[in-house]
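Visitor: Okay, here's the structure, questions in a sec.
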């Protein structure tokens, strides 16, 4: 694995390790108040990023150009803003970061849809 696929997997694995550590901390403390943020870290950070990495690995043509790089940047920026933003919203210290992270995350997914629709089809057969 190389290129954009590898970078998505690095980001996904970092999110998984942080998410697991956070889950252990919540379990040990008995305080699960922040579980919605933890769930978003695992689902958007680990699962979505790993799926993106797999897609780019099995569809190398889709990994070419600037759009996949923009996708990676939006996806990472989305995770690193939405997760602390959800923590802030739960703690009633503001919702702006969660809203920004949500917008970045959906823009990332819309961009992925565009990439899948325009570059993901194998026309060699």
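Rundown of residues vs (1) in contact with a helix residue (DSSP H, G or I) (Cβ under 9 Å, 6 or more places away or on another chain); (2) farther than 14 Å from residue 104 by Cα, yes/no style:
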| position | (1), (2) |
| --- | --- |
| 23 | yes, yes |
| 37 | yes, yes |
| 44 | yes, no |
| 64 | yes, yes |
| 76 | yes, no |
| 91 | no, yes |
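Visitor: Hey, any hits in segment 6-18 for a residue that's closer than 19 Å to residue 98 by Cα, touching a helix residue (DSSP H, G or I) at 6+ places or on another chain (Cβ under 6 Å) and free of Cβ contacts under 8 Å to residues at least 40 places away in the same chain?
Guide: No, segment 6-18 has no match at all.
Visitor: A follow-up question, please. Going by what's in this entry, would residue 1 be described as free of Cβ contacts under 8 Å to residues at least 60 places away in the same chain, under 19 Å from residue 120 (Cβ atoms), in contact with a helix residue (DSSP H, G or I) (Cβ under 7 Å, 6 or more places away or on another chain) and in a helix (DSSP H, G or I)? Full working, then the answer.
Guide: On the way: free of Cβ contacts under 8 Å to residues at least 60 places away in the same chain: yes; under 19 Å from residue 120 (Cβ atoms): yes; in contact with a helix residue (DSSP H, G or I) (Cβ under 7 Å, 6 or more places away or on another chain): yes; in a helix (DSSP H, G or I): no.
So residue 1 fails the test.
Visitor: Next up: Can you say whether residue 56 is at negative phi, surrounded by fewer than 17 Cβ atoms within 10 Å (Cβ to Cβ), part of a helix (DSSP H, G or I) and without any contact (Cβ under 8 Å) to a residue 60 or more places away in the chain, as far as the supplied structure shows?
Guide: So residue 56 does not fit the description; no.
Visitor: What's the number of the condition residue 3 fails, among (1) surrounded by 13 or more Cβ atoms within 10 Å (Cβ to Cβ); (2) over 14 Å from the mean Cα position of the chain (by Cα); (3) more than 23 Å from residue 114 (Cα to Cα)?
Guide: Only one criterion is unmet by residue 3, namely (3).
Visitor: If residue 36 meets every condition in (1) crowded, with 20+ Cβ neighbours inside 10 Å; (2) over 29 Å from residue 2 (Cβ atoms) apart from one, which number is that one?
Guide: Single failed check for residue 36: (1).
Yes/no matrix, rows are residues, columns are (1) crowded, with 20+ Cβ neighbours inside 10 Å; (2) within 18 Å of residue 2 (Cα to Cα):
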position: 62; (1), (2): yes, yes
position: 70; (1), (2): no, yes
position: 73; (1), (2): no, yes
position: 116; (1), (2): no, no
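Visitor: Identify all residues within segment 11-34 that are farther than 19 Å from residue 81 by Cβ and assigned to a helix (DSSP H, G or I); write none if there are none.
Guide: Within segment 11-34, 13, 17, 20, 21, 23, 24, 25, 26, 27, 28, 29 meet the criteria.
Visitor: Can you pull out the residues in segment 81-108 that are surrounded by fewer than 17 Cβ atoms within 10 Å (Cβ to Cβ) and assigned to a helix (DSSP H, G or I)?
Guide: Listed by number, the residues that qualify are 84, 88, 90, 96, 99, 100, 103, 106, 107.
Just so you know, all these numbers are worked out from the coordinates, no wet-lab data involved. Predicted model only: the values in this text are computed from it and were never measured. FYI the Cβ positions are ideal-geometry reconstructions off the backbone, even for glycines, and counts take in every protein chain you see.
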